[in-house]
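Enquirer: Sharing a structure with you now.
The values are calculated or read from the model by the stated rules, or taken from the named source; none is laboratory data. Here the structure is a predicted model, which is why all the values come from computation and not from measurement. Cβ sites come from the backbone with ideal geometry, for glycine too, and all protein chains shown count toward neighbours.
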Amino acid sequence: MMKPILIFLCSLLLVCPGFAKDKQPGDVKLTELLKKIDSQAMPDSYVGKNHQKWVDTRMAKLTEAQKDLHVRLWAAKRRMNPNKNVGQSFIKILHYVSRGEKLGRILTGDGYGQPQYSRHFVQLKGIKPGAKTRIHGRVTNVKGDPMEGVMVTAYDKELEMSASVFTGVDGKFELNGLRKTTHQVRMRQPGKLDERVDEVEPDSGPLAVTMEPAKGEKLQMQRTAASAMSLMKWDSLRDKENFKMMCTYCHQAGTVGFRTPEQLADWETMVRRMDGFGGLYKHTQKTIVKRLLDTYTRAAESRWPEYVPPPPPTGFAAKVKINEWDMGIPLKANVHDLEPGPPGTMYAVDMGQGAIVELDIETGQRTVYRMPPGARAPHSIEPDNDGNYWVTLCASGHMGKFDPKTTDITIWSSAEAPAKNGSYPHTLRVNPKDPEGLIWYTDAGRNSVFYIHPKTGFVKEYHLLEKNQAVAAGKGESRGLTPYGLDFAPDGSVWYSKLNANRIGRIDPKAPDGDIKEWNPPFRGPRRHHVDQDGIVWVPGFGSGVLGRFDPKTEKWTTYALPDYDNQIPYALNIDAKGIVWICGTGNDTIGRFDPKTERLIEIPMPTRVTFTREIEFDEEGNIWTCSSNGPTRHNERGRGSVIRIELPKGKPAANEGVKLERIILPHHQVAHVRQVPWHKSPHGELLKKIDTIPAPKGIPVNKTLDKHFKKRMASFTEKQRKRFQTLRQGMDLVDPDMENRGLSYLKILEYIHHNEK
């Protein structure tokens, strides 16, 4: 008799933490909610004689989160009022939960949903606008000829910002609206040596600058990451795409900072550290260090061909004005994303400081709002429909709400209750037409998309499709999942991307289960996409260096090759009010303007080398905003993260400006990439092949907690099951010694034995 009682008590402790305590932290809130539920009438659909059928029907329709909430509420009711109308209470609680009420988070002692004072301070004091000055002049070459398309940048040292313009066909430039103070001025054009004029005083006369050609090592130092990447040789485009996907996630490859290691041991250490997740193909892992040594050491650089720089900007691109504000702490800032605030304000998330940073555009003041303790790594930021700003906190698995009026920050778990945190909440979006104002977000650490209710903190999870459920499964298939980008279509549907699983997908919020459908793009690495005014989904192909257009009505793809596409890594894009697609030139320090009607691309150079851009936004005036966040920050030319604004000229580009992008088909993405495994080498080969095709077990994270699961499962096995596991594991090692994911392969064997071989 004692054993069943102990089991019952243990189960209560599991579903009701703190059951044995005299007082529950949070009983007050539970009491109020249960009083509200008890005050409601019995549901009209309930008939006592059909009690069990009524209960079974509704229980079958509950989500896992609703079931958990029902258990917690019912247990709390029994604890607080053990002898009062328990039957009716059970029905009322079930009815309340089954209606999909936004119950919020019934957790105790974690501070969720409670506004917390933000630790904020002014990191750089602003300066009130005053008198303005201009800097103007003319740039020529050594022959005295005017130089068009020279970027002229004036640095305001006190405000840690710069303003840039380009010279016209006559070589002249004019920087207006500058603060009336001393500036440092730099002239830059690829293929020429930078020229600097220090201590340019306000209202000084015109500058006359002559630029000389860059040669030898100084010319090589100007090489963009994309150009340097082109020097590394590969056996196939598939292998190269894999390298780009796994080794340029957060930084450019091939830059001066990237090329720091010189010795075999140095490269070996770096690769092992950066490739901790085994993302590179197994055959590539065996050759990658030699490829890096053969390409990026000082000795290898001496054998490089002469760098041929891109042509300078002309026309539309040469008429823009660019402002750049340095952000955060030098060598530490990681300004991942940004979002326009009220007029005159820009918000950015700085992962290096664990904070939201507010930029006053007029005064240049930077104010830092630190996340509360335990809430780590603000990744993305978006406004809700009430004027608050939400951030995903990827390292701690939380969602944060920042109220700019009170400067308070409220933290919620990014996972469904009762989980206290999610895995890796990533990109978030809010549909301004949604009356509830739900905050939707991807979780890159699991195969899910979520939404959180902005007032209650109620979280709903949409489990995305398994590998073999995708439309056209097998084409362009990659390894891993990583739900990533997110956007809304005009019809309210939610579109997401899976960076590693190589898919885009659609969720219908009106359907109870989301009516989820997925497609495989004919290229590698769909990253941060957007949906245009006509419902067309525009997708940057990060791994393939292309721009994808997907029409949901026809389910047809169009793929555009970016210039030098196999060396490009377009991270994100956005679409302005006129339908122009703006693309991050993440690998070559540019922002691209693509007109879908003319299919022409215009590239605008950024002022700083190693500008790793991850997001594009627009303000009310139509300016383009982005941010630079190469990680590590020291690779950046000035060792700074930054916020960048591009002011566009009036009018449209000329009809022949830029380059017309070619529509292409990537042959290696038109056939399935099937891993060849010699199953016949093991007497258990057919069974192992069957086990290998089983989807990854749900609810078991394949990460550092997997070891605990293995130990627990093995402890429950009989001696016969343990021997069987060892036999099948050894068989798997024999047929596939370079298996893609050893932990997952072993886990599938473990779970197969648990469920099928008693």
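Enquirer: Just to check your reading of the model, which residue among Lys681, Lys660 is without any contact (Cβ under 8 Å) to a residue 60 or more places away in the chain and surrounded by fewer than 23 Cβ atoms within 10 Å (Cβ to Cβ)?
Expert: Lys681
Enquirer: Considering each residue of segment 416-431, count those that are over 21 Å from the mean Cα position of the chain (by Cα) and more than 19 Å from His463 (Cβ to Cβ), and give that number.
Expert: 1
Enquirer: Output yes when any residue across segment 221-236 is free of Cβ contacts under 8 Å to residues at least 60 places away in the same chain and over 30 Å from Gly137 (Cα atoms), and no when none is.
Expert: Checking segment 221-236: at least one residue is free of Cβ contacts under 8 Å to residues at least 60 places away in the same chain and over 30 Å from Gly137 (Cα atoms).
Enquirer: Identify all residues within segment 547-572 that are farther than 17 Å from Cys584 by Cα and assigned to a loop (DSSP other than H, G, I, E, B); write none if there are none.
Expert: Pro552, Lys553, Thr554, Glu555
Enquirer: Can you pull out the residues in segment 216-245 that are touching a Leu at 6+ places or on another chain (Cβ under 8 Å) and within 21 Å of Thr297 (Cβ to Cβ)?
Expert: Across segment 216-245, the qualifying residues are Lys218, Met232, Phe243.
Enquirer: Here is a list: Lys157, Lys132. Which entry is within 34 Å of the chain's Cα centre (by Cα) and among the basic types (Lys, Arg)?
Expert: It is Lys157.
Enquirer: Return the only residue of Arg638, Arg634, Arg614 being within 30 Å of Asn323 (Cβ to Cβ) and assigned to a helix (DSSP H, G or I).
Expert: Arg634
Enquirer: Return yes or no: is Glu620 more than 21 Å from Val531 (Cα to Cα), in a loop (DSSP other than H, G, I, E, B) and in contact (Cβ under 8 Å) with a residue 24 or more places away in the chain?
Expert: It is false that Glu620 is more than 21 Å from Val531 (Cα to Cα), in a loop (DSSP other than H, G, I, E, B) and in contact (Cβ under 8 Å) with a residue 24 or more places away in the chain.
Enquirer: A follow-up question, please. Run down Ile569, Ile583 and say which single residue is crowded, with 21+ Cβ neighbours inside 10 Å, in contact with a helix residue (DSSP H, G or I) (Cβ under 8 Å, 6 or more places away or on another chain) and within 21 Å of Arg503 (Cβ to Cβ).
Expert: Criteria check complete, one pass: Ile569.
Enquirer: Of the residues that sit in segment 201-244 and are surrounded by fewer than 16 Cβ atoms within 10 Å (Cβ to Cβ) and aliphatic (A, V, I, L, M), which one is farthest from the chain's Cα centre (by Cα)?
Expert: In this case the residue turns out to be Ala208.
Yes/no per residue for (1) part of a strand (DSSP E or B); (2) at pLDDT below 95; (3) surrounded by fewer than 22 Cβ atoms within 10 Å (Cβ to Cβ); (4) of a type in the set (Ser, Thr, Tyr):
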| residue | (1), (2), (3), (4) |
| --- | --- |
| Pro435 | no, yes, yes, no |
| Tyr441 | yes, no, no, yes |
| Tyr462 | yes, no, yes, yes |
| Leu465 | no, yes, yes, no |
| Asp491 | no, no, yes, no |
| Ala501 | no, yes, no, no |
| Ile504 | yes, no, no, no |
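Enquirer: Also: Only residues that are in a loop (DSSP other than H, G, I, E, B) and farther than 19 Å from Leu481 by Cβ: list them for segment 523-546, please.
Expert: The answer is Asp532, Gln533, Asp534, Gly535, Ile536, Gly545.
Enquirer: Next question. In segment 136-179, which residues are assigned to a loop (DSSP other than H, G, I, E, B), in contact with an Asp or Glu (Cβ under 8 Å, 6 or more places away or on another chain) and closer than 23 Å to Glu362 by Cβ?
Expert: Glu160
Enquirer: Among the residues of segment 192-250, count how many are among the hydroxyl-bearing types (Ser, Thr, Tyr) and at pLDDT 95 or above.
Expert: Final tally of qualifying residues: 4.
Enquirer: Okay, next question. How many residues does segment 399-420 hold that are assigned to a loop (DSSP other than H, G, I, E, B) and touching a residue at least 60 places away in the same chain (Cβ under 8 Å)?
Expert: Total meeting the criteria: 8.
Enquirer: Let me ask something else. Looking at Lys660, Lys690, Lys652, Lys681 in this structure, which one is of a type in the set (Lys, Arg) and closer than 30 Å to Arg446 by Cα?
Expert: Just a single option satisfies the conditions, and that option is Lys690.
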